[in-house]
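Any read-out appearing in this document is the output of simple, stated calculations on the displayed coordinates, not a laboratory observation. Predicted model, so just to flag it, every value in this text is computed and none were measured. Glycine also receives a Cβ, built like all others from the backbone with ideal geometry; neighbour counts cover every protein chain displayed.
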Amino acid sequence: MEKIKKFIDSTGKVKIWPAKKDSKLEVLKYLADKFEYNHFYSEKEVNNIIESYHTFSDYFLLRRGLVESKLLSRTRNGAKYWRPDSKIDEEKGEFLKQIEEN
């Protein structure tokens, strides 16, 4: 948390998007901690969670960053998101493929 302290306001919201890649990743890790393991989220739920933890109204940027950095995973069609756990992520991926096929 110390690394990103200057990017977080007194209420725990991200107030500034960092310029440096390392700082961006730390902020994204901070946001990823707001998502539970073993839980599927709709895109709307993801947007709402992200929206409640930043002040500069760009949940698109943050959601894309979470997915691109593999801190959140999603189905190909973007209908479901989840916080990956390396131990069970493969199982969830297979499960979601089955859901999409049906």
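Points worth noting:
- Between the amide H of H54 and those of V14, distances stay under 5 Å, these residues lying 5 or more places away or on another chain, with hydrogens modeled in the peptide plane.
- As a rough guide to protection, the peptides 12-24, 53-65 ranked by mean Cβ packing within 10 Å, highest first, stand as 53-65, 12-24.
- Whole-Hz ³J(HN,Hα) from phi, Karplus 6.51 cos²θ - 1.76 cosθ + 1.60, for the range 7-13, glycine and proline x: 9, 10, 7, 5, 9, x, 9
- Equivalent ellipsoid semi-axes, the range 2-101, via Cα gyration tensor eigenvalues times 5, rooted, Å: 26, 13, 11
- Between K13 and N77, the simple spin-label model (points 7 angstrom out along Cα→Cβ) gives 3.4 nm.
- Among the listed pairs K6/K29; K29/K70; K3/K29; K24/K80, those whose Cα-Cα separation exceeds 18 Å are K24/K80.
- For S69, no residue 5 or more places off, or on another chain, has a built amide H under 5 Å of its own.
- Put simply, the amide H of I8, placed in the peptide plane, has neighbours under 5 Å in K15, leaving out anything fewer than 5 places away on its chain.
- Sequentially through the range 27-35, phi angles give Karplus couplings (6.51, -1.76, 1.60; θ = phi - 60°) of 5, 5, 4, 4, 5, 4, 5, 7, 9 Hz, Gly and Pro residues having no value and appearing as x.
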